[in-house]
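Beneath this line is the structure, given in structure tokens, with notes to follow.
Laboratory data are not the source of any read-out in this text; all were calculated from the coordinates shown. Here the structure is a predicted model, which is why all the values come from computation and not from measurement. Don't worry about glycine lacking a Cβ; one is built from the backbone with ideal geometry, like all the others, and counts go over all protein chains shown.
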Amino acid sequence: MIPIPIIATIIVVLYILSAIKILREYERGVIFRLGRLLPNAKGPGIILVFAPVDRMVRISLRQEALEVPPQDIITRDNVTLKVNAVIFLRVIDPNHAVVEVSNYLHQTSQFAQTTLRSVLGEVELDELLARREKINMRLQSILDAHTSPWGVKVANVEVKQVDMPESMLRAMAKQAEAEREKRSKIIHAEGEFSAAQRLVDAARLLAEQPVSIQLRYLQTLTEIGVEKNTTVVFPVPVDILSRITETSGWPTASTPVPTKP
């Protein structure tokens, strides 16, 4: 038979070996000794947990991504949306994360859902689409303020997807089309105004030097001749025609027509 001291030694050795726990670099062990919480979490590395006197709860200090399920939102301008988000959080105090809340991930998810509905219900659709960064910061500050007593730090909150009804998508498409048509008309009108202004300046400059008009006529004939057309249209100024009719004595529109007695 095996002596009792050897059996006792083997039992002690096995008990000590079973009490040895290895925690990774990102893990901490929250120890309850006889039901009372030890002031400091243990780890990383090798620690001793003497069961059943001690009970250990492993807590990860790595950042985790928590997805918020899609929520039905009614914005301030009465638009129905379906919005989901993602939360990035990490545990900074393992003791509080274990003692203050039963499940900090579930608790944060539930609180994020209510916060998402309340915050997005106070903004309009245009603000939600154009100022998403501002809304994300507001959500993050609200969630972080409520999770800090649990030893949980909310690093960031991102509104992930905004689903709108088909009628709203069609209305937004029409609005965008009307906006672009408005810009097109404004640009076209500005171009017409600039062109008209340039024509006025050119006419004023040509009026100062009438000879330049003749040079412009010759340049026009040169451009027509390059195209090798069989028909050449020669523009004759109206003032030249009026001078010719005056010198020749032909009746004009301003000359009264003699009537028979």
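Write out the trypsin sites (Lys or Arg not before Pro) in region 124-170 meeting two conditions: DSSP loop, and at most 15 other Cβ atoms within 10 Å of their Cβ. Provide the component values of the computation, followed by the final result.
Numbers: sites: 131, 132, 134, 138, 153, 160, 170; in loops: 131.
For trypsin sites (Lys or Arg not before Pro) across region 124-170 that sit outside H, G, I, E and B with at most 15 neighbouring Cβ atoms in 10 Å, the list reads 131.
Which of the residue pairs 82/134; 21/153; 82/182 have a Cα-Cα distance greater than 29 Å in the structure shown?
82/182, as the Cα separations exceed 29 Å there.
For region 4-59, what class follows from the C-alpha gyration tensor (a ≥ b ≥ c being the square roots of its eigenvalues): rounded when a/c is under 1.5, otherwise prolate if a/b is larger than b/c, else oblate?
Here region 4-59 falls in the oblate category.
Only loop residues by DSSP count here, and only those with at most 14 other Cβ atoms within 10 Å; note down the trypsin sites (Lys or Arg not before Pro) in region 1-54 that meet that.
Hits after loop and neighbour filter: 24.
Using a basic spin-label model with each label point 7 Å from the Cα along Cα→Cβ, how many nm lie between residue 216 and residue 177?
Once both label points are built, they end up 4.3 nm from each other.
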